[in-house]
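The next block holds one structure in the form of structure tokens; read it before the comments.
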Amino acid sequence: MKALLILFFIFSSFLFISCSAKKGIVVSQSNTAEVAVRKEKEPPAIGPQKQDRTEFNDSVFVNLKDYSSNFDYDMRYATSNNFLKAKVYDCAECYLRFKTVKALVAANAKFLKKGYRIKIFDCYRPLDIQKKMWVIVPNAKYVANPETGSIHNRGGAVDLTLVDLDGKELNMGTDFDFFGIEASQDYDLLSDEIKQNRKLLRTTMTKSDFKIIDSEWWHYNLKNAKKYSLSNFKWMCD
């Protein structure tokens, strides 16, 4: 009799568990935990798309290419095609403080909607490179004295222009690193086309947390970037 009661109890328990599972009473926790882990590992949204990168402190140096593929590059100081007539970078990379990258990607998203994109000439510049440039051209009118450094040395400055979606540069009136009055932001003896191109660049960049410098139409500083210290961080080259 006891054996029959034990068998009846086991059979009843089995039926209860089986019916409960069918009705959704018993819920596995493994899927919920897996989703939570996946959500925690999701990369941050930067600009118009999500990138598979970790969220950093704003002051960390990161490579712009890791956060967007929508930029063109002509890194002049990694070649001899610059006013120094010398190659001063070992390789062409655009590193900036993370906050600068976020602002730059956001600005580029606005240009993309209008049928343009940013082309980069120069980004963060290690202090040793600034010293090398100063040896070649020791003139503060053209090169910042490394004793005080520049926003480039702080990872908050970028030299750039605009291209159309075919990669053709918009006419800005002068080449990059042209040291004449014609490169000034306020120079007025320009064609209507050039004025409109400069206005498009300036308006969009200043609405994206950047500031101009008067003498160079291509140079933009992230607002408050002077708070970052001068740096000699160097990136690896392949």
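Placing +1 on each Lys and Arg Cβ and -1 on each Asp and Glu Cβ, with no other charges, gives the range 108-212 a dipole about its Cα centre of roughly 460 debye. Using the average count of surrounding beta-carbon atoms within 10 Å as a protection proxy, the listed peptides 175-183, 126-134 rank, highest first, as 126-134, 175-183. Coupling constants for the range 60-74 follow from the phi torsions by the Karplus curve (6.51 cos²θ - 1.76 cosθ + 1.60, θ = phi - 60°), and in residue order they are 6, 7, 9, 8, 4, 4, 6, 10, 6, 10, 9, 10, 9, 9, 9 Hz; glycine and proline get x.
Quick check: net charge around ALA103, other residues with Cβ under 9 Å of its Cβ, Lys/Arg +1 and Asp/Glu -1? Let's see the in-between values first.
Details: positive: LYS99, LYS102, LYS223; negative: ASP209.
Residues near ALA103 contribute +2 overall.
Taking all protein chains into account, the per residue accessible area for the range 47-186 stands at 45 Å² (1.4 Å probe). Sparse packing (at most 16 other Cβ atoms within 10 Å of the Cβ) combined with a DSSP loop state is found for the following chymotrypsin sites (Phe, Trp or Tyr not before Pro) in the range 182-238: PHE233, TRP235. Given a 1.4 Å probe and every protein chain left where it sits, what share in percent of the accessible area of the range 128-238 is carbon and sulfur? Here carbon and sulfur together make up 50 percent of the probe-accessible area.
The values are calculated or read from the model by the stated rules, or taken from the named source; none is laboratory data. Source: prediction; values computed, not measured. Heads up, the Cβs are rebuilt from the backbone with ideal geometry, glycines too, and the neighbour counts pull from every protein chain shown. Just so you know, the surface numbers come from the protein's heavy atoms only, side chains and all, with ligands and any DNA or RNA stripped out. Shrake-Rupley method; radii C 1.70, N 1.55, O 1.52, S 1.80 Å.
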